[in-house]
């Protein structure tokens with residue numbers, strides 16, 4: 001039963017693509033169920049080919065689902081798509097505004113398409129440029145902007161008609177550290193304004209920092225869905241004790257001891273290792289989202305990042 | 001929903017005109033290319049230059065509407081910006097109609113320049129303005145729809161250019177622009193009847209040089225049929241490619 005209070009409700013959503021003769025059809029998304037609450041940042045994590053983008057394409061009307069149903073903002077996807085389109089914003093993985101139009105004209109065109117009243121367009125475009133720190137590039141063609149600026153302007157264009165739900169597909173992929181950090185601040189600000197954010201990313205630190213809840217998708221199926229804290233709590237990984245030791249020559253070394261055999265055993269082990277050294281620092285490391293991801297998917301994070309073309313997007317600090 | 005579609009059509013056309021069409025190279029190419037062809041023909045076969053005007057106008061509309069139209073959609077599909085339009089609250093046929101409107105507006109603008117020059121040189125006596133107006137509009141619609149179909153049928157820009165030229169150049173020589181249909185072999189006359197340019201040239205000839213209303217009505221009707229068929233094919237093909 002779909003309700004008006006949820007931003008997205010999905011039941012049994014499935015997408016099957018026909019393949020060449022003799023090959024089994026490809027189940028890109030295989031009967032997923034999930035709910036996104038109003039005003040939350042919902043992370044959709046998974047390796048390449050997991051079905052993240054296909055799910056977004058189905059929810060935004062670009063691809064027809066093979067089976068299942070969904071409602072967005074209380075509107076049925078199958079029968080009320082044009083009403084849904086007016087109330088959502090979509091930022092695809094590639095920045096896709098018009099190279100030939102200026103930053104300002106791109107924003108105005110986005111508003112024209114969505115029927116923003118004429119008298120509101122110019123002030124809103126100026127305000128968005130200012131908010132995304134692009135006022136100086138107001139009259140520069142989109143083609144002449146840096147990668148980070150293009151990304152920021154693409155997000156600004158998706159917000160031009162004031163959507164209450166926004167889809168961000170890999171927003172920081174390929175960006176330098178500062179641009180990625182700036183974009184993450186913008187995403188956090190959206191949540192503060194009450195906009196629901198559906199975020200796909202393969203940067204686990206980014207997801208951990210930004211998302212209220214996370215779904216992990218593997219081969220078209222959701223293998224876990226919960227808050228970051230709950231996902232960590234449920235994982236089989238145990239905390240690790242990390243000790244920084246200094247020897248007589250002043251050399252510092254770091255030792256890590258797992259607590260899977262019991263904390264008392266681990267502490268005894270730490271004390272044994274510390275004999276003859278000065279203890280500089282002792283920390284307890286909780287399992288990270290990366291540990292959760294690896295234990296749930298069996299995939300290495302490095303392999304997933306490599307698939308996406310390196311570690312662009314910088315670290316998620318900030 | 002209809003209001004959304006009409007608004008979308010209008011602004012998509014406006015955006016295309018601003019982003020792609022009204023650029024100096026396009027304008028000069030759109031005007032000079034048909035003139036160059038006609039001039040080359042006139043030098044080789046001096047005679048009644050006024051008789052070449054309908055062909056010149058038809059060629060100007062054909063190249064003015066279809067040259068950019070044939071690559072705009074495939075270009076936007078490559079850059080991902082077509083997806084922006086598909087995410088907007090505008091239905092696919094309306095989005096494509098906006099694309100057509102952009103191509104038509106540009107084609108008709110450059111044709112107007114050529115028409116004014118032609119009428120200034122040869123005079124406007126005997127012109128049937130209603131048939132002229134309808135011929136220009138329906139020709140622009142049919143050729144723009146042809147360009148749109150070419151653009152959605154391929155995946156690369158060079159393929160679009162190749163396919164557009166593969167269709168346009170034979171049509172130029174078979175459509176009665178340089179050689180009257182009646183002087184062609186019978187089988188070529190039959191082939192010519194499957195080409196929209198033939199009807200465009202014939203209708204413009206009736207408008208500028210006189211002829212029967214029945215001929216003009218048939219020509220205009222056929223241009224309308226080409227417009228509808230090519231537009232429906234383009235919508236169907238684009239819907240299938242984007243799924």
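The values are calculated or read from the model by the stated rules, or taken from the named source; none is laboratory data. Remember, it's a predicted structure, so these values are computed and weren't measured experimentally. Glycine also receives a Cβ, built like all others from the backbone with ideal geometry; neighbour counts cover every protein chain displayed.
A few remarks follow.
- Cβ separations smaller than 8 Å between residues 6+ apart or across chains give the following pairs from the stretch A:214-227 residues that are assigned by TED's automatic domain parsing to the domain that holds residue A:12 and without any contact (Cβ under 8 Å) to a residue 40 or more places away in the chain to residues that are in a strand (DSSP E or B) and buried (at least 23 other Cβ atoms within 10 Å of the Cβ): A:226/A:214; A:227/A:214.
- Filtered residue count, the stretch A:15-60, keeping only those that are within 25 Å of residue A:172 (Cβ to Cβ), over 17 Å from the mean Cα position of the chain (by Cα) and within 14 Å of chain B (Cβ to nearest Cβ): 2
- Residues being more than 9 Å from chain A (Cβ to nearest Cβ) and either surrounded by 18 or more Cβ atoms within 10 Å (Cβ to Cβ) or within 29 Å of residue B:175 (Cα to Cα) (or both) - total across the stretch B:6-23: 6
- Within the stretch B:87-96, the presence of at least one residue that is buried (at least 16 other Cβ atoms within 10 Å of the Cβ), in contact (Cβ under 8 Å) with a residue 24 or more places away in the chain and more than 14 Å from chain A (Cβ to nearest Cβ) is confirmed.
- Flag for residue A:138 being in contact with a helix residue (DSSP H, G or I) (Cβ under 9 Å, 6 or more places away or on another chain), surrounded by fewer than 17 Cβ atoms within 10 Å (Cβ to Cβ), closer than 17 Å to residue B:80 by Cα and away from chain B (no Cβ under 14 Å): no
- Spans of helices (runs of 4 or more DSSP H) in the stretch A:203-275 with at least 3 residues within 14 Å of residue A:293 (Cα to Cα) and modelled with pLDDT under 85: A:228-234
A quick yes/no check of all residues on (1) at pLDDT below 95; (2) within 14 Å of chain B (Cβ to nearest Cβ); (3) touching a helix residue (DSSP H, G or I) at 6+ places or on another chain (Cβ under 7 Å):
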| position | (1), (2), (3) |
| --- | --- |
| A:78 | yes, no, no |
| A:91 | yes, yes, yes |
| A:94 | yes, yes, no |
| A:100 | yes, yes, yes |
| A:104 | no, yes, yes |
| A:108 | no, yes, yes |
| A:112 | no, yes, yes |
| A:146 | yes, no, no |
| A:151 | yes, yes, yes |
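- Of all the residues in the stretch B:16-37, those that are touching a residue at least 24 places away in the same chain (Cβ under 8 Å) and in a helix (DSSP H, G or I) number 13.
- The residues of the stretch A:2-16 that are at pLDDT 90 or above and surrounded by fewer than 15 Cβ atoms within 10 Å (Cβ to Cβ) amount to a single one, A:12.
- Just one residue in the set A:110, A:103, A:125 is under 18 Å from residue B:95 (Cα atoms) and either buried (at least 21 other Cβ atoms within 10 Å of the Cβ) or outside the structural domain of residue A:169 (by TED's automatic domain parsing) (or both); that residue is A:110.
- When the stretch A:200-216 is filtered for residues that are out of contact with any strand residue (DSSP E or B) (no Cβ under 6 Å at 6 or more places or on another chain) and within 26 Å of residue A:28 (Cα to Cα), the ones remaining, listed by number, are A:201, A:202, A:203, A:204, A:205, A:206, A:208.
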